[in-house]
Amino acid sequence: MKILFVTSEIHPLVKTGGLGDVSHALPPALRQAGMDVRVLVPGYPGVMSRVSKASVVCTLEALAPIWSPARLLEAQLEESGVPLWVVDCPSLYDRPGGPYQAPDGNDWEDNALRFGFLCHVGAWLCNAPSPLSWRPDVVHCNDWQSGLIPALLRHRQPPPVPSVITIHNLAFQGNFDPLWVTRLGLPMESFHMQGLEFYGHLSFLKAGINYADRITTVSPRYAQEIQTPELGCGLDGLLRHRSADLVGILNGIDESWDPAHDPALPAAFDDRRLVAGKRRNKVLLQKDCGLTKDPDVPLLGLVSRLTYQKGIDLLLDALPALMAHPLQLALLGSGEAIMESRLREAARAYPGRMGVTLSFDEPLSHRIIAGCDLFLMPSRFEPCGLAQMYAMRYGTPPVVRETGGLADTVVDCTEEALREGKATGFSFRNAASEDLTAAVQRALAAYEDRKEWRQLQKTGMRRDFSWKRAASDYVGIYRALASPG
Ligand code: ADP
């Protein structure tokens, strides 16, 4: 079966969060499951610099002269050999900054055009006018950036290629001025509540949810949560309406996240060489982060986008109570200016005990996840979350808020769960700093009992977080769509 996988991020070429990791790992897992999958991405500088040996598949001027010059290039993903199709359109994608934001932190003003064009190319590859002989049986869209594809397909004849949209985060919706409806070649008749319109705006994500044949999201718990007013971001009514076509499939983690073979780590370890390996990573991390060298003090880590979603303010508010205990913190993140400045200030208040790095640093993220004793994810909501799974894999029990994928992946260390050998971390229910503090206090008490702690670590390290299971669920959806009935 032929699958076109459209994404706006793919690690290691371009990544701002979990979508980049998923796009890196899921297509190879689908290929292993027998799918002929091709990945379509925009040609940002980070992508173009890695596809120097790409061949030109075709030009894209036919789509609209205003976007010219534009070409479709083909390369291959390293290791997996999955074909990568790159939309090379310098006027839209060749600029410094991130995939969605300019260097000043503001969204690119022409994002509707940048991702509208990606959607046009994706839809075109599904349709008869495309000069390519390869036509997908199913198109798999991801988040708002490819959300217009199902709408574009629905307005075409003959019967369109079926589509799936995966919601990685409902909070990002791609809502734009309604002027873009006609500018992007969409029929004005579809600009209504049951179509593309969302509170007077053109919504890419709503278009995807409305017109895709199936909707998936990245954990079963989040699939439930987004149907509630609390976490539905205004789209809960529509999602309830489409609940028969909505399913949560838990993300896996990439095999390269393996403490026994991770080039970013100063010392390799696994569940049999755990204590010495982690200790070495810990002391070197303490040095890296400007913390006092002390292999015995509990070291808490966090690697995150610094946003309200991630509950960074809960951690900041909990600091006085947490710092009353003998512990250290190693934090890595980038994001909202207010969070960054509060963290900087806090680090100054606890010299030698709190190390804060405000950047996006992939190798350091690995060293923190490996070198810490506990990993913090106090998220207000979390569609799936990958970092807590990496942490468990690296013998670093996570402390998480019980929401979304965090609730689906972390087994709270109750007496019963521990006795049954199921506990992998610590969770708390309410998004309140006191609840976070209480969960960390429970974790610190468990840390004192070395035997109990080893068991907790090893249970997490041995959990199966492979992509194989998720890939087989997606294949089931593709098959059902490609041969209905
Ligand atoms: P989200 O997609 O909401 O940001 P996830 O936990 O699903 O959250 O994925 C986040 C990914 O991005 C993880 O791989 C995490 O380690 C990584 N990450 C987040 N912030 C940073 C950072 N500042 N430096 C390096 N990696 C980061």
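The values are calculated or read from the model by the stated rules, or taken from the named source; none is laboratory data. As the structure is a computational prediction, the values presented were derived from the model and not from experiment. Every residue, glycine as well, gets a Cβ built from its backbone with ideal geometry; the counts of neighbours run over all protein chains shown. With ligands, DNA and RNA removed, areas are computed over all heavy atoms of the protein, side chains included. Shrake-Rupley method; radii C 1.70, N 1.55, O 1.52, S 1.80 Å.
Key figures
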quantity	calculated
Crossing angle, helix 275-288 versus the chain [Cα axis fit, 0-90 degrees, rounded to tens]	80
Percent RCO, i.e. relative contact order, over the chain, from Cα pairs under 8 Å lying at least 6 residues apart	12
Net charge of Cβ neighbours under 15 Å - reference residue 415; Lys, Arg +1; Asp, Glu -1	-1
5 angstrom amide H check on residue 248, placed H, neighbours 5+ away	217
Reachable lysines from residue 15, criterion Cα separation under 19 angstrom, eight or more residues apart if same chain	310
Convex hull of Cα atoms in segment 413-460, direction-averaged projection (nm²)	3.2
Amide hydrogen neighbours beyond the local backbone of residue 142, cut-off 5 Å, H modeled	6, 166
Share of carbon and sulfur in the accessible heavy-atom surface of segment 217-260 [1.4 Å probe, %]	49
Euclidean distance between Cα centres, segment 275-291 to segment 1-18, Å	33
Partner lysines for residue 458 [C-alpha distance under 16 Å; skip if fewer than 8 residues away on the same chain]	278, 422
Angle between the chain longest axis and helix 433-448 axis [Cα atoms, degrees, rounded to 10]	60
Rg followed by Dmax, in Å, when the chain is reduced to its Cα trace	22.9, 68
Carbon/sulfur fraction of accessible area - segment 274-461, other protein chains in place, 1.4 Å, %	51
Mean accessible surface per residue for the chain, computed with a 1.4 Å probe while every protein chain stays in place, in Å²	40
√(5λ) per eigenvalue of the Cα gyration tensor, segment 274-461, largest first, Å	23, 19, 15
Residues in segment 414-443 that a label on residue 462 would reach, taking backbone N under 14 Å of a point 7 Å out along Cα→Cβ	418-424
C-alpha long axis of helix 362-371 to longest principal axis of the chain, angle in °	30
